[in-house]
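**Q** This is the structure, below, for whatever I ask next.
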Amino acid sequence: MSISWSGGTTGSEPAIKFLQQLENDLRNLSIELKKKYPNPRESCEEGIVKLRNAMSNPQTPVHYVVNQIMFPVQEACKTKDPRVVRLGVGVIQRLVTQQVVDLKCAAHITDTLWGLMEAGVEEVKVLQTVTLLLTTNAVVHGDTLARNLVLCFRLHFAKDSTTINTAGATVRQLISLVFERVVAEDNESKPVEKTPSNLEELKVLSSSPPKGLRPCAADAYLMFQDLVQLVNADQPYWLIGMTEMTRTFGLELLESVLYQYSSVFFDHPEFSFLLKERVCALVIKLFSPNIKYRNSVPASVQQASSLDKPYFPISMRLLRVVSILIQRYHCLLVTECEIFLSLIVKFLDPDKPCWQRSLALEVLHKLCVQPMLLESFCECYDLKAHATKIFRDIVNSLGAFVQSLFVHPQLNPAPKTPIEQSPALLAGMPVGPGVTPQPGFYLRGVWLPLAATFVPGQAKSTYLDMLDRIEPPGIPEGYGISVAYAALLDVIRSISLAINGPSKVENAEEEKAASTEESEKPKSKAVHAQLINSSWCGLLAALSPLLEASTDEIIMENVLQSMQTFSSLCGQLEINTARDAFITAICKASLPPHYALSMLNIVTPSLNRSHPHDGHDSNMQYNLNAFSENDFRQQVVAVGTPLPSVSWPAGAQQGPVMLTSKNLQCMRALLSLAHCHGSILGASWYLILTTLQHLVWILGLKPSTGGSLKAGRSTADSNAVITTAVMADLPVLSAMLSRLFESSQYLDEVALHHLVDALCKLSREAMELAYSNREPSLFAVAKLLETGLVNLPRVEVLWRPLTNHLLEVCHHPHIRMREWGVEAVTYLVKAALLHKYKPPLKDNKKLQTLLLSPLAELSAVPHTHGDVRQKQLECVLQILHSSGEILSHGWPLVLGIIGAVNDQQGEVLIRLAFQCLQLVITDFLPVMPWRCLPLCVDTAVKFGFQTQELNISLTAVGLMWNISDYFYQNQDKLSSSLNSEEAIFPEFPGTPNMPPFDKLWMCLYARLGDLCVDPRPSVRKSAGQTLFSTLSAHGVLLRQPTLHAVLWQVLFPLLDKVRSLSSSASSEKVDPGGNILIHHSRNTAQKQWAETQVMTLSNVVRVFNSKRQLLQSAGDFTDAWSLLLGFIEYSSLNKNNEVSLSGLKCLQEMLYQGKGLEDGATEGPPTQWGPLWAAAWTSWLRIGEESTFPPPENEEDVYVPTQAFLAALVQTLPALLPHAGLDKPEQAQLGRLLKVLHQAVAVPSQEYPPFQMLTNESALSPLQDAVINTLTTLQNDALIDNAHMESMLSEIFQQLLTFVKFACVAPQYGNLQIKSNCQMGPEWGAVNYVPFGEKCLSMAVKLFLKTAEEETVIKNQTLQNILESLRVPLSMKYSCPSQTTWKAAITKLLGVLHVGLPIARRRPEHHKTMWPVLAETLDLFLFPKVAPPPSRGLEEIETDEAVDCQVIEQLRDEVLPHAHAIPKEFVLKVVVLLNKGSIHSATHTSSTDYDCERKLREEFAKICFETLLQFSLLDNNDLDTKEEGGVAGRLAVTALLLRFQDVLKQYVDEERSSGQCPLPRYRLAEVSFVLKAVATLVMSLKKAPPGKGESNWYT
């Protein structure tokens, strides 16, 4: 209590009142002293006077007055009279309580009390006064404080027990007071920056405090320093006067200070220095006896003094101090705590005394219940690279301690009751009425009862709190393992708190404390991981034997629960090795030992006794002698057969497997672990599930509908034994298993995938086992199904991995595996489709696709597993009936399943699938989303392509027509719904903006186009009819871009495919089988494809023509035109007559349709048709050139086009000629055309009888007539266009004249042997060219007559060319195929000469070579080498002679009068010709007179002779070569006369020699002719002008 006036004066009312009390006290003291002690009495009297003076003087300071009255009090206490001392001490206490004592006064009081202490007077009062003096205020410090403390210490060692106890309490109180002052001083003082202390100065002990400390801190420093000195048995520096001090009391004081005032040591470096340098050194020094002592070494060997032997009171108190140092100062004393902890760990060595090990266990237990402390250990030591792994050592020491209890049983004395007499304890089971086994641990013949129980998270010290014990207490059996067991569980609990925080702590107070600790230091993942890494090995090494040795279900439950917790922590921190090790331990405990070793491939920890297999144990039976005694005595609750394993040989004998109650308890723990901590199990799921699978197999649980397990042990399991209790538990275990997988719905996605992966791995092992035809476990497949069913709300997460594996199972050859795989897939799909989702499944495209994908992927199962396909289709039917209305987005997959047809599936499956398709199209087509319509089309087409059942294919084509009708009837609905989305349609190149509705049609047309090339003719024909009928009926709906796409992407590719397949078709005869007959025109595949080719091309051309106006607006109409012409060209060149003729007809249809459209077109540029006609003309030329080109030599299969084909080819020309560009000589188009016409005319006929015999001999064939019409058109075009006449006339003349020769000599077509008209047979027959040649001759002459004056005709020597052409029939004359030919030729020659000779005379420079040709032609005609045939009558011969005369007359009229303008060579040849003609008739010889008469051409000779004479005798003044002409004439006359002379002479000779016989008639006729000729010559000479015939007369 503080008095406000204590530092003031005596003038205040409280001060006066206080002084009055003091005056009264001094008066009482004086009265007591007056009898015996006069001097002290006088002092009291003086003090009273001073008090009165002070009261009269208000300004007197109170402290001054107090110090003055202190002297009489001291004097009174020196009397040592108990009554006086009590009164004096009372005055002192009043001064102290009124807080009027200053430092000087306090010193006097201390001296007074010191004297009383030494005198042994009123020791309790002295202690009370000291307490008041020091606790009332902080005036006392420094040496005064030290004297007070020493005073109390000395009283503690007094002889009176009351004084000792009171002094001990006072010392403890004052020690705390000193440090409380430091705390208060630190709180009241403003924080200042402290200068670092000089550590070197601190190392030197002295009675002076460090300079940087404030007064209270200085006192505490010196006091604590001396306490350490005293405990260390050294002299104090500040506590002067200490005469005695016990180490136990000193350790208790140090413990009290360290426990209560840790902040002082953290806030002041000086105290920290003391702690590190003095206290820790002291502790380490005192630890020495405990470390060196070995309980197992005999005392005689140790040779230790009594001082070196560990002393329980000191060891116990030392461990308490160490515990506090570790708990509160570990961060300050990092290195020192490392040493302390290492020493404590050594206390657990097996050779240490039991009490020492128990004390160390209690200390470690205290440490283990503090999560933050363990966390700090890891951070300060285990995480450091070169530091001792303290936490690891702590846990390992606990594990080693547990092991030592069982490995070294000699260190644990046997219980008083022999084990053999306690079978209940051995087996852990009651063996008699009312007998309950004591909880404990039994392993390898060692029994340790549970001697103590602890509340989780609370360390209860038993031996550390025995402060009054001097001798070591007796340690009960089992106490060590009980503490270790609790400490191990608390280690796991603390680690859990450190990692997860206090949220899981059950105790609210602990939760609050833990939360405070947690808030002081942030979590560190590295520290947490180190906590696990440092502890898991030791924990596993300790808990495994505890689990094995436990005889109590509660202990087992606690151990299993802790192992579960630790496993979850490992998984949480992703320390998989530790997690898997703990889970492995639980799994091992769930199975019989040897079974676990063989099945789980588990290596037991080193602390466990190994159980070597018996050498004869090849059949996997368990050697019961190898079991530990504990295992052997466990109650066997079930016996079953082991699960076959891949590692087992196929023929290995499988012995029985026995399960105990402990196995089932571990199984429940395993289920609980998986149920509660499934999210962190990761890869450990596999180990857990493997264990559960074995347990399920042993217990005989079999999968049932939905994936749950039921008891279904078969009678074949003769070794199977299950107790009634377990039989009752089987449904519970099955339910727990189901709940485990039901709880997977609460797992996060990663954990769920781990679970599914583990099940898949188990299933793969079962599949591998099933490959060897051993019975597999269906546990994994069933639980995959169950897991999938409960996770349907988040089906997207696990659906793919789960169903992917089930699909693998569906591929397995083992029928049981495959059946369950298909069952699981179909069951899951049906359940998933019926599940209620948000948003609804009907609107969730992605989810529908995901759910139906596994069902669709069943289609990939090999066809050998027909049962899979059948169940798949049956599932589809069920889905259609149950969920068909919600399959808005799932139809693609459903249709894909239906359409997964192939010819290997068999007719039954195809019919079932087609039944599904018909159901879809019949019932669901109107409600099917438009997006699925293309796929519906594709599916129908697939059934069209299948070859198992022809009727299904044809029916599928009919379904295509139904679908097209649906499109047409719902065009408005579809068009409106298709506007918003186009992604489901394939892209059609070149048509980016095609309307979606048109794309739908495109899909239909494209797929029908595919069917049009089916290998089966009936399907091809049906598909083709459907395609083009659909185009015809519904094509009006298509817009221009779509029509363009149909053309380019359906029809043209169709033509290309048909062309390709037709070319590769076989020409072997087709055997239809049965009684079906095939026409010879269709009895090969090639002929059948020809029919397809004809139908396809004609229909495409028809569509092209009908839609041409729309197609013309496209930019690539020219390309389409050219491409179609290419197909037509290919067909036209086909060697099949039906195809080639059809190609030409298509070309005609295109051209004439095009011509009509062109003539009537009003849209498009005028030049639009130019390129089109050019392309058509080019195609026609190629067709003509290639089809009429003669076959090469040595070709076996010679192809010659028919006359009908050639006629059709040429008949196509009228539409093309106006656009052929024949007027462009640089393009040589006319030459190519004429060449084609030439080759076409030259082609022989293969018809039998020959083609030309079917008509009149004088009539032209259709081909010839077409050629004539073409040439007429060309001729007219050339005459009309004067500008291009020069480039055309020459070639036209040349071709006409070539054709003229065909009348006499038929053209040769390659190397073919061509028979004449009269020869009949299957060989090639010549065509009748006579009418054709004569017609061409007529045309050529007419053309010449029209153009003779044209410059180009003159320059090109057309006259000469005509003469050369006429020379052939004229030279042949009677040998011509037809006599009309040479007659027509001579007639045309005369006409040509009539017009041409004048021109030749005028333009001699262009006709120089014509005259010899003319002379030769006339000579060959007038004097033929072949005599007239005998069949010619006399009138015909006379007619022929008249024609000859006409020729001579024309020479006489047209040539001889103009001899001066005609080359002399020709004139000479004409003279020779006349000469020859004049004598020719007389020179013939014949065997008969009749023949002679027929041969004689008297009129011809006469006119020749007359012409010759006329040429010789007539005067021609203009003839420059008159002399030469006269000579020629004379020569001619001379030659005639000589010839006449010879004839007459010969006649005379023959007449003489003949006698009476008459001469031959021809000889008489010859003589007559000669005489007449001579008469004619004489008459001519008479007519000649005078002088002109003199030479002749002379001759």
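**Q** At 7 Å along Cα-to-Cβ for each site, give me the label-to-label distance between Ser1018 and Lys203 in nm.
**A** 11.5 nm
**Q** Note down the nm distance, to one decimal, between modelled labels 7 Å out along Cα→Cβ at Thr723 and at Leu1537.
**A** Between Thr723 and Leu1537, the simple spin-label model gives 17.0 nm.
**Q** How much accessible area does Tyr771 have with a 1.4 Å probe, in Å² rounded to the nearest 10?
**A** For Tyr771, solvent-accessible area is about 140 Å².
**Q** Charges at C-beta only: +1 for Lys and Arg, -1 for Asp and Glu. How large is the resulting dipole of segment 856-948 about its Cα centre, in Debye rounded to 20?
**A** Working: 5 positive and 8 negative charges, 17 e Å.
Magnitude of the dipole: close to 80 debye.
**Q** Another question about this same structure. So the label point goes 7 Å from the Cα of Leu919 along Cα→C-beta, right? Which residues of segment 879-895 then have their backbone N under 15 Å from it?
**A** Hits in segment 879-895 for Leu919 at 15 Å: 879-887, 891, 894-895.
**Q** So, one more: Under the classification rounded if a/c is under 1.5, otherwise prolate if a/b is larger than b/c and oblate if not, where does segment 919-1020 fall, given a ≥ b ≥ c as square roots of the Cα gyration tensor eigenvalues?
**A** Details: a/c = 2.48, a/b = 1.52, b/c = 1.64.
It comes out oblate by the Cα gyration axes.
**Q** Now a separate question. What dipole magnitude, in Debye to the nearest 20, does segment 733-856 give about its Cα centre under +1 on Lys/Arg Cβ and -1 on Asp/Glu Cβ?
**A** 380 debye
**Q** Calculated FRET efficiency, Gln635 and Arg816, Cβ-Cβ r, R0 30 Å, to nearest 0.05? The partial results should precede the final answer.
**A** Details: r = 35 Å, r/R0 = 1.16.
About 0.30, to the nearest 0.05.
**Q** Run the numbers for Asn232 and Asn576: contour at 0.36 nm per residue of separation, minus the present Cα-Cα distance, in nm. Present the calculation step by step, with values, prior to reporting the outcome.
**A** Values: separation 344, 0.36 × 344 = 123.84 nm, distance 5.02 nm.
This chain segment gains 118.8 nm when fully extended.
**Q** Can you work out ³J(HN,Hα) from phi for every residue in segment 1286-1301, in order, using Karplus 6.51 cos²θ - 1.76 cosθ + 1.60 and θ = phi - 60°, giving whole Hz and x for Gly and Pro?
**A** Each residue's phi maps through the Karplus curve to give 4, 6, 9, 4, 4, 6, 5, 4, 4, 5, 4, 5, 5, 4, 4, 5 Hz.
**Q** Could I ask something else about it? Please give, to one decimal in nm, the separation of the simple spin-label points placed at Ser189 and Cys331, each 7 Å out from Cα toward the Cβ.
**A** Simple spin-label model gives 2.2 nm for this pair.
**Q** Also: Apply the Karplus curve 6.51 cos²θ - 1.76 cosθ + 1.60, θ = phi - 60°, to the phi angles in segment 997-1010 and return the couplings in whole Hz, x for Gly and Pro.
**A** 4, 5, 5, 4, 4, 4, 4, 4, 5, 5, 6, 4, x, 5
**Q** A follow-up question, please. Roughly how many Å is it from the Cα centre of segment 311-365 to that of segment 73-121, as a whole number?
**A** 46 Å
**Q** Please give the FRET efficiency for Gln128 paired with Lys346, using the beta carbon to beta carbon distance and R0 = 41 Å, rounded to the nearest 0.05.
**A** Working: r = 47 Å, r/R0 = 1.13.
Calculated value: 0.30.
**Q** So which of Lys1425/Lys1502; Lys1408/Lys1583; Lys1335/Lys1373; Lys846/Lys942; Lys830/Lys942 end up more than 29 Å apart, counting from Cα to Cα?
**A** Numbers: Lys1425/Lys1502 21 Å; Lys1408/Lys1583 36 Å; Lys1335/Lys1373 18 Å; Lys846/Lys942 26 Å; Lys830/Lys942 26 Å.
Distance filter (> 29 Å) returns Lys1408/Lys1583.
**Q** Quick one: what are the phi-derived ³J(HN,Hα) couplings along segment 956-967, Karplus 6.51/-1.76/1.60 with θ = phi - 60°, whole Hz, x for glycine and proline?
**A** 5, 5, x, 4, 5, 5, 4, 5, 5, 5, 4, 4
**Q** Another question, then. So if I take the centroid of the Cα atoms in segment 737-805 and the same for segment 1175-1190, what is the distance between those two points in Å?
**A** Spelled out, the Cα-based centre of one part sits 72 Å from the other.
**Q** Here's another thing I want to ask about it. Name the long-range amide H neighbours of Ile722: under 5 Å, sequence gap of 5 or more, or other chain; modelled H, no Pro or chain starts.
**A** Val639
**Q** What is the gain in length, in nm to one decimal, between Gln1040 and Glu1351 on full extension, counting 0.36 nm per residue of separation less the C-alpha to C-alpha distance? It would help to have the intermediate numbers written out before the result.
**A** Values: separation 311, 0.36 × 311 = 111.96 nm, distance 5.42 nm.
Here the segment from Gln1040 to Glu1351 would lengthen by 106.5 nm.
**Q** Taking H placed 1.01 Å from N in the peptide plane, check which residues at least 5 places from Thr660 or on another chain put their amide H under 5 Å from its amide H.
**A** Correct list: Val637.
**Q** Once amide H atoms are built 1.01 Å from N in the peptide plane, which residues 5 or more positions from Thr1084, or in another chain, come under 5 Å H to H?
**A** The list, which skips near neighbours in sequence, is Val1070.
**Q** Okay, next question. Could you tell me the center-to-center distance, by alpha carbons, between segment 1555-1575 and segment 858-907 in angstrom?
**A** 115 Å
**Q** May I ask you to compute the full-extension gain from Asp843 to Arg469, defined as 0.36 nm times their residue separation minus their alpha-carbon distance, rounded to one decimal in nm?
**A** On the way: separation 374, 0.36 × 374 = 134.64 nm, distance 8.21 nm.
Fully extending the segment from Asp843 to Arg469 adds 126.4 nm.
**Q** Please work out, to two decimal places, the log10 of the ratio I(q)/I(0) at q = 0.13, 0.15, 0.23 Å⁻¹ from a Debye calculation in which every Cα of segment 768-887 carries one identical scatterer.
**A** -0.49, -0.65, -1.36
**Q** Which residues does the label zone of Tyr1374 cover in segment 1390-1427, counting backbone N under 20 Å from a point 7 Å along Cα→Cβ?
**A** 1417-1427
**Q** Another one. Just list whichever of Lys1355/Lys1388; Lys36/Lys80; Lys276/Lys366 have alpha carbons separated by over 19 Å in the model shown. Mind dumping the intermediate values first?
**A** Details: Lys1355/Lys1388 21 Å; Lys36/Lys80 12 Å; Lys276/Lys366 22 Å.
The answer is Lys1355/Lys1388; Lys276/Lys366.
**Q** Sort 924-935, 1363-1374 by packing, meaning the average of other beta carbons within 10 Å per residue, with the highest value first.
**A** Values: 924-935: 18.1, 1363-1374: 22.8.
Highest to lowest by the protection proxy: 1363-1374, 924-935.
**Q** Another question about this same structure. Work out the FRET efficiency for Gln971 and Ile1280 from their Cβ-Cβ distance, taking R0 = 45 Å, and round it to the nearest 0.05.
**A** Details: r = 54 Å, r/R0 = 1.20.
Between Gln971 and Ile1280 the formula returns 0.25.
The values are calculated or read from the model by the stated rules, or taken from the named source; none is laboratory data. None of these values were measured; they are calculated from a predicted model. Virtual Cβ from ideal backbone geometry, glycine too; neighbours counted across all protein chains shown. What goes into the accessible areas is simple: the full protein's heavy atoms, side chains included, and nothing from ligands, DNA or RNA. Shrake-Rupley method; radii C 1.70, N 1.55, O 1.52, S 1.80 Å.
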